[in-house]
Amino acid sequence: MLSNISSTTVQTWRERPPSSYSIKIQNLSQLQTSTSHSHGTYRSRRFSSGDYQWRMIIYPKGNDNDNGSGFISMYVEIDSTSLTSTTSIEVYADLRFFVFNKKENKYFTIQDVESKPCNTLRTIWGLSQVLPLDTFNDHKNGYLFDGDHSEFGVDIIVAPPPTKHETLSYDVKLSYPKFSWTVKKFSEIKEDIHASNSFSMGGRQWLLKLYPKGYSIKDSKWLSIFLVLDGSEVLKEDEKVYVKTHLKVLNPSGSNHLTKELNKWFDTPGFGFGWDHFVSIAALRNTYLDKEDTLKIEIEFEVVSATKYSSFA
């Protein structure tokens with residue numbers, strides 16, 4: 001049996017009794033005598049805490065094998081049969097040990113500040129130096145009362161299963177980061193919204209939407225362009241996708257393209273971000289439509305995020 005050095009412990013007083021288990025001893029001297037034939041230990045019956053079975057172990061004369069000579073030593077042992085045997089389960093528990101003091105009418109409490117991993121490889125955890133025997137055995141200090149009575153206890157606070165988590169990653173080396181869209185006979189488009197085919201990027205489906213007459217009436221002299229997370233995408237609750245892109249309206253001359261950068265978190269399929277005023281219709285006709293009235297748009301993705309959630313999230 002091993003315990004941690006006392007620098008990891010906190011000592012306090014508490015009025016409330018132990019919540020997990022307590023052992024009330026009516027004749028400590030007889031306990032010390034009787035345990036001399038059981039390696040100096042007294043082991044309680046099994047009790048339940050946090051859906052697991054435990055025993056409390058007391059060394060009334062100290063655990064010499066754990067640097068506990070001259071102290072009361074106290075431990076708990078998880079019943080390995082109460083651990084799930086089909087997987088490698090590790091139960092983390094916070095431990096507080098108690099010794100009642102009738103003079104103070106309170107419990108001396110000592111707690112190891114580090115949670116202890118209980119598993120089939122190590123079932124016993126505790127503290128070898130709970131209370132000096134010189135202090136404990138002196139009746140005037142109040143730990144022995146009503147002749148030779150004493151009380152020991154423990155709180156076992158079992159931590160819940162491993163913390164739910166999410167893993168956020170950023171793909172900055174996309175295999176095919178560009179999508180090109182050719183819009184023919186731009187001036188003949190009648191609909192208010194003209195959408196591209198859906199395309200895949202960063203494990204998600206996207207599309208481009210342009211508004212040849214502007215996003216709204218007040219924007220009628222402008223071409224509006226938006227990047228949209230495809231409506232077929234399914235996001236988990238509160239999930240969002242970050243993208244950094246550069247969208248270009250290409251100049252038929254092969255240079256001086258009109259480029260704008262987009263940095264946005266997308267959290268709603270079918271919804272997009274972009275520009276109400278990407279380029280004026282006048283500039284579009286003068287510079288960016290070719291002789292066949294064709295508009296060419298290119299979007300290049302620099303970053304796309306992805307989030308993975310734990311199976312129990």
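Nothing in this text is a laboratory measurement; each read-out follows from the coordinates by a stated rule. As the structure is a prediction and not an experimental result, all values here were calculated from the model. Cβ atoms come from the backbone with ideal geometry, glycine included; neighbour counts cover every protein chain shown.
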**OP:** Express in whole angstrom the spacing between the alpha-carbon centres of the stretch 41-61 and the stretch 117-191.
**Re:** 24 Å
Original post:
Which value in deg cm²/dmol, rounded to the nearest 500, describes the helix-derived mean residue ellipticity at 222 nm for the chain, given -39,500 (n - 2.57) per DSSP H run of n ≥ 4 and division by the residue count?
Top reply: -1000 deg cm²/dmol
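Got the relative contact order for the chain handy, in percent, Cα pairs under 8 Å and 6 or more residues apart?
Working: 682 pairs, mean separation 53.6, N = 313.
Relative contact order for the chain comes out at 17 percent.
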**OP:** Report the residues of the stretch 266-293 in range of a label on GLU302: point 7 Å along Cα→C-beta, backbone N strictly under 18 Å from it.
**Re:** 266, 273-275
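Dipole size in debye (nearest 20) for the stretch 166-309 around its Cα centre, Lys and Arg Cβ +1, Asp and Glu Cβ -1?
Numbers: 20 positive and 20 negative charges, 88 e Å.
About 420 debye.
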Subject >> the stretch 127-276 pair-distance distribution - Cα-Cα, 5 Å bins, rounded % >> reply: 2, 6, 12, 14, 13, 8, 6, 4, 3, 2, 2, 3, 3, 4, 4, 4, 3, 3, 2, 1, 0
**OP:** Mind giving me the nanometre distance, one decimal, between the label points for LYS184 and SER255, set 7 Å out from Cα along Cα→Cβ?
**Re:** 3.0 nm
Subject >> Efficiency of FRET between ASP171 and SER232 - r from beta-carbon atoms, R0 22 angstrom, step 0.05 >> reply: 0.65
**OP:** Find which of HIS257, ASN101, GLY62 sits farthest along the positive direction of the dipole of the chain, computed with +1 on the beta-carbon of Lys and Arg, -1 on that of Asp and Glu, about the Cα centre.
**Re:** HIS257
Subject >> Förster radius 30 Å - calculated FRET efficiency between GLU239 and LYS218 (Cβ-Cβ, nearest 0.05) >> reply: 0.35
**OP:** Name the residue farthest towards the positive end of the dipole of the chain from the options THR81, ILE25, PHE152, assuming +1 on Cβ of Lys and Arg, -1 on Cβ of Asp and Glu, about the Cα centre.
**Re:** THR81
**OP:** Please give the net charge around HIS194, taking every other residue with its beta carbon less than 12 angstrom from that of HIS194, where Lys and Arg add +1 and Asp and Glu add -1.
**Re:** +2
**OP:** Given a cut-off of 27 Å, name the pairs among LYS190/LYS264; LYS178/LYS209; LYS236/LYS260 whose C-alpha atoms lie farther apart than that in the structure shown.
**Re:** LYS190/LYS264; LYS236/LYS260
**OP:** For the chain, report the convex hull volume of the alpha-carbon atoms normalised per residue, in Å³, without decimals.
**Re:** 202 Å³
**OP:** Rank PRO177, PRO161, VAL130 by how far each Cα sits towards the positive end of the charge dipole of the chain (+1 on Lys, Arg Cβ; -1 on Asp, Glu Cβ) and give me just the farthest.
**Re:** PRO177
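Subtracting the Cα-Cα distance from 0.36 nm times the residue separation, let me have the gained length for ASN286 to ARG122 in nm, one decimal.
Values: separation 164, 0.36 × 164 = 59.04 nm, distance 7.83 nm.
Difference between extended and current length: 51.2 nm.
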**OP:** Just grab the label-to-label distance for ALA159 and SER29, each label 7 Å out from Cα along the Cβ direction, in nm (one decimal).
**Re:** 4.5 nm
